[in-house]
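Peer 1: The following block contains the structure, expressed as structure tokens.
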Amino acid sequence: MTPARTPRNPRRTALRKSRRPPRRLLATSLRSLTVRNFRLFAGGQIASATGTWMMVVAQDWLVLELTGDSGTALATVTALQFTPMLLLTLYGGRIADRYDKRALLTGANVVSGVLALLLGLLVTGGAAELGHVYVFALALGVANAVEVPARLSFIAELVGPDLVPNASALSGAYFNIARVLGPSLAGLLIEAAGTGTVMLLNAASYAATVAGLRAMRPGELHRPPRPAAGQARVTEGLAHLRSRPDLVATLALLAAVSLFGLNLQLTLPLMARTVFHTDAAAFGLLTAALAAGSLLAAFTGTLRRGRPRARLVIGWACAFGALAAATGWAPNLATALVLLVPTGFASLYFAQAANHRVQLGSDPAYRGRVMALYTLILQGSAPLGALFVGVVTQYLGTRSALWAGGLISLAAALVAAAADRSDTRAAATTQADRPQEHPHPHPADLRTDLKTDLKTDPTTEPTTKPASEPTPGTGSRP
């Protein structure tokens, strides 16, 4: 005779069920960390990115100290650091498609570490001048023109195409952890030991990235076939983009928001010094508040499983523009700190959604060059953005750099929304007139293995795995 089962406690059963979703949620958001190479990459990047953000605060503060709070000098340093991105990033993407990305990243990080070490020694020795900062900013920009497109496209090689959205979002998460830790630590260290010490710590942090890169197993990388010498041309990447109006529309919106709105690394130190009249510690708090919102956005992005729809990208561009404008009108430091949290969330969620839409919609054979153009727009527009900030702050005051940039970003997003609505109606009309026996959807919309995810996430659209991409888990080389 089968013994009677003990009746379950309804409360305990409900409690177990309530605990399961968070566990599954955590496992889903961290699934890229099951890949050993990505764990090594992420660990090194956390240390290096923290040092980099410490360096940003220290360099900006040094420039303001050397020049008596000159916004023009600060804008000049920013322009010099990002001008190489404007001029050389497309060629950096070509190099990333042609050569071993792991070797490129190793070399670029070694160069950046040496530059930080030399500038730190000049500052601690009391010999640093504004001209030295200009030279090192320009040299660092050249190194970044190679490093950034290689790093962005290297993520797909680390985890394979299916995990790209999650790995990219996790990359944004650790980057923004660094944005929280770096400025906060920098503010304290500047007060205690000076800007030179912060720069020397940044130089040491690059060793973690180099160590992680060299410890990877090359055979486990998901490398697409490399083009032959002379075939990985910049013009071929641009031709690929011309054939993809969905990518062009996303990049155009990114260009407008980046140029006028995403200049917060330049406007926040000016707000701290000239509007709120605070010290380095308070400046660190402003940057940390922005980064806290960005960090939350990065963790939210880890739940994304497919390619974001255009409306999602546009919607968060609208949100960022409105919040940036509100921050520009903040009456005091406390209000600015509160507003910078959702502003940081909107700015990163928009940039990350644009990243995923572009990266998951492009062919792996062109990914380095496509992501180089993404980098060119996002970071290479900084010199022009610095010029915009310099002009509006000179004639309209420091606050105008935030509220004017926010309103222009909002206007650009509204134009993009109108254009997307028009394109959607035109596509629907064309589809209605087209014979149903022979539809011709774009390959990026043919993937069927994400149907389950799309039912639960209306903000994503299907993606495809191009034939040139190695099968996940094989670790094959071309």
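Peer 1: Against the condition hydroxyl-bearing (S, T, Y) and at pLDDT below 90, how does T106 come out, does it pass?
Peer 2: So T106 does not fit the description; no.
Peer 1: Oh, and also: Residues of the range 350-401 being small (G, A, S), touching a helix residue (DSSP H, G or I) at 6+ places or on another chain (Cβ under 6 Å), touching a residue at least 60 places away in the same chain (Cβ under 8 Å) and in a helix (DSSP H, G or I), which ones?
Peer 2: The answer is A354, G361, G368, A372, A382, G385, A386, G390, S400, A401.
Peer 1: Restricting to the range 160-180, give me the number of residues that are among the β-branched types (V, I, T) and more than 16 Å from Q352 (Cβ to Cβ).
Peer 2: 1
The values are calculated or read from the model by the stated rules, or taken from the named source; none is laboratory data. Keep in mind the model is a prediction, meaning the values are calculated, not measured. Here Cβ is always computed from backbone atoms with ideal geometry, including for glycine, and neighbour counts include all displayed protein chains.
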